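Take a look at the structure below.
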Amino acid sequence: MKTKISMIGMGNVGSVTAYALAHKKIADEIVMLDVLKDLLEGHSLDLAHSLAWEEGTRAYHGDYTDIDGSRIVVVCAGAGRRSGLNRLVLAEQNAKIVTEIGASIKKHSPGAIVITLTNPVDVMNYVMWRATGFPREKVLGQGNVLDSFRFRWAISQVIGAKPSEIEAFVIGEHGNSKVPLFSKVTVRGKPKELTIEERMKVTELIESSNETIIKKKGGTVFGPTQAIVRMVDAIISDKKEMMPCSFVLKGEYGLKDLSIGVPVILGRNGVESVEEWTLDHAEEVSFKRSSELIQDTIGKV
Ligand code: NAD
């Protein structure tokens with residue numbers, strides 16, 4: 001059977017992600033949807049031309065009837081964060097969009113796994129789960145994979161190691177209350193304890209570099225794209241790889257009825273299992289605060 005990935009929302013992140021997935025030849029078909037029909041057609045033709053010299057993925061645009069039988073639906077539709085603006089203020093506006101899209105996915109591709117990108121992603125992934133009515137294992141949000149890229153990069157800048165030699169993860173809200181897990185940082189496979197001063201520099205660098213991207217180019221694109229590519233690859237290739245993703249909890253970490261970033265194992269069924277890590281006291285307090293902020297916004301939308 002052919003592997004189809006559907007992309008809903010072909011703005012900055014959606015279009016670059018469609019390009020990256022198509023050229024990775026991870027799927028037989030990529031279907032693209034957007035409410036802006038001219039933009040959609042433009043991206044669709046541009047992408048089709050870029051694929052003309054190689055065997056592999058067929059990319060085309062369409063409507064919801066074309067998403068039937070999708071293995072994965074990636075949702076990058078909605079308004080984005082602007083400089084100085086908290087992601088949580090986007091919630092109300094994007095909740096309406098995500099609710100509509102979720103209902104259409106449910107109708108036209110009921111067996112799909114959904115990856116939500118739309119911000120505030122933890123709240124939107126919860127809205128998506130409710131709108132689709134899918135099993136929670138099939139609805140996950142991307143936020144903390146990107147946060148973890150940034151964490152590794154910032155540590156590398158501060159301690160002078162290669163980012164690829166660092167293992168470091170962020171959990172919690174993909175937003176201001178994110179929880180970088182300093183207690184679990186390893187460098188070349190060995191635990192690495194950063195000083196208080198180093199931790200402060202890393203934290204500052206994560207925030208300031210993100211703000212710089214938003215201020216100077218309008219929004220992040222390559223980072224989230226690569227995060228989605230890793231998640232899609234883990235699912236389609238059944239890698240059983242650990243990644244922190246936003247996921248609807250049912251008692252794990254003492255929480256339920258919200259979606260929040262936690263370490264999960266990704267494989268062919270979506271979320272195969274949740275890893276319950278032991279956090280240090282400060283991380284536990286921050287994670288709880290993060291969950292309260294998300295729950296508060298869910299209550300509002
Ligand atoms: P963008 O404005 O460039 O693109 C959004 C696209 O969504 C537009 O083309 C718009 O026409 C389309 N759209 C709006 N409503 C739609 C609907 N009902 N159906 C189909 N398409 C619709 O924004 P972007 O920079 O690509 O970001 C998209 C979303 O992803 C934003 O919410 C942004 O905050 C979020 N984002 C998340 C992460 C993350 O890590 N989770 C990273 C970057 C951006």
For residue 128, indicate whether it is near the ligand (Cβ under 8 Å from one of its atoms), within 17 Å of the chain's Cα centre (by Cα) and either part of a helix (DSSP H, G or I) or among the small types (Gly, Ala, Ser) (or both).
-> no
Residue 169 is checked against (1) within 16 Å of the ligand (Cβ to nearest atom); (2) open to solvent by less than 10 Å² (accessible area, probe 1.4 Å) and fails just one. What number does that condition carry?
-> (2)
Matching residues in the stretch 14-66 - criterion: being in a helix (DSSP H, G or I) and among the acidic types (Asp, Glu) | 38, 41, 46, 66
Could you please give the count of residues in the stretch 171-226 that are basic (Lys, Arg), touching a residue at least 24 places away in the same chain (Cβ under 8 Å) and not in a loop (DSSP other than H, G, I, E, B)?
-> 3
Out of all the residues in the stretch 60-79, is one or more among the β-branched types (Val, Ile, Thr), more than 19 Å from the chain's Cα centre (by Cα) and at pLDDT 95 or above?
-> yes
Has the stretch 198-213 got any residue that is surrounded by fewer than 14 Cβ atoms within 10 Å (Cβ to Cβ) and on the phi > 0 side of the Ramachandran plot?
-> no
Output the residues belonging to the stretch 102-113 that are more than 23 Å from residue 296 (Cβ to Cβ) and either within 15 Å of the ligand (Cβ to nearest atom) or assigned to a helix (DSSP H, G or I) (or both).
-> 103, 104, 105, 106, 107, 108, 109
Sort through 116, 99 and tell me the only one that's within 12 Å of the ligand (Cβ to nearest atom), of a type in the set (Val, Ile, Thr) and within 18 Å of residue 225 (Cβ to Cβ).
-> 116
Taking the stretch 131-144 only, how many residues are within 16 Å of the ligand (Cβ to nearest atom) and either over 15 Å from residue 228 (Cα atoms) or open to solvent by 10 Å² or more (accessible area, probe 1.4 Å) (or both)?
-> 2
Sole exception among (1) within 16 Å of the ligand (Cβ to nearest atom); (2) at pLDDT 95 or above; (3) under 20 Å from residue 295 (Cα atoms); (4) not β-branched (Val, Ile, Thr) for residue 175, by number = (2)
Hey, can you tell me all the residues within the stretch 4-52 that are open to solvent by 10 Å² or more (accessible area, probe 1.4 Å), small (Gly, Ala, Ser) and within 10 Å of the ligand (Cβ to nearest atom)?
-> 11, 15
Give the stretch 219-230 a look and list any residue that's open to solvent by less than 40 Å² (accessible area, probe 1.4 Å) and within 11 Å of the ligand (Cβ to nearest atom), or say none.
-> 219, 220, 221, 223, 224, 225, 227, 228
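Residue by residue, here is whether (1) in contact (Cβ under 8 Å) with a residue 12 or more places away in the chain; (2) assigned to a strand (DSSP E or B); (3) closer than 18 Å to residue 125 by Cα holds:
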{"position": "231", "(1), (2), (3)": "yes, no, yes"}
{"position": "248", "(1), (2), (3)": "yes, yes, yes"}
{"position": "260", "(1), (2), (3)": "yes, yes, yes"}
{"position": "265", "(1), (2), (3)": "yes, yes, yes"}
{"position": "272", "(1), (2), (3)": "yes, yes, yes"}
{"position": "282", "(1), (2), (3)": "no, no, no"}
{"position": "286", "(1), (2), (3)": "yes, no, no"}
Inter-residue pairs, beta-carbon under 8 Å, first under 22 Å from residue 31 (Cα atoms) and in the stretch 108-123, second acidic (Asp, Glu) and more than 11 Å from the ligand (Cβ to nearest atom), 6+ apart = 108/68; 109/68
Does residue 90 meet the test of being near the ligand (Cβ under 8 Å from one of its atoms), modelled with pLDDT under 95 and either part of a loop (DSSP other than H, G, I, E, B) or closer than 27 Å to residue 290 by Cα (or both)?
-> yes
Scan the stretch 142-155 and give yes if some residue there is in a loop (DSSP other than H, G, I, E, B) and in contact (Cβ under 8 Å) with a residue 40 or more places away in the chain, otherwise no.
-> yes
Return only the number of the condition from (1) surrounded by fewer than 24 Cβ atoms within 10 Å (Cβ to Cβ); (2) within 21 Å of the chain's Cα centre (by Cα) that residue 108 does not satisfy.
-> (2)
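The values are calculated or read from the model by the stated rules, or taken from the named source; none is laboratory data. Here the structure is a predicted model, which is why all the values come from computation and not from measurement. Neighbour counts run over all protein chains shown; Cβ positions are idealised from the backbone, glycine included. Side chains included, ligands, DNA and RNA excluded: accessible areas come from the protein's heavy atoms. Shrake-Rupley method; radii C 1.70, N 1.55, O 1.52, S 1.80 Å.
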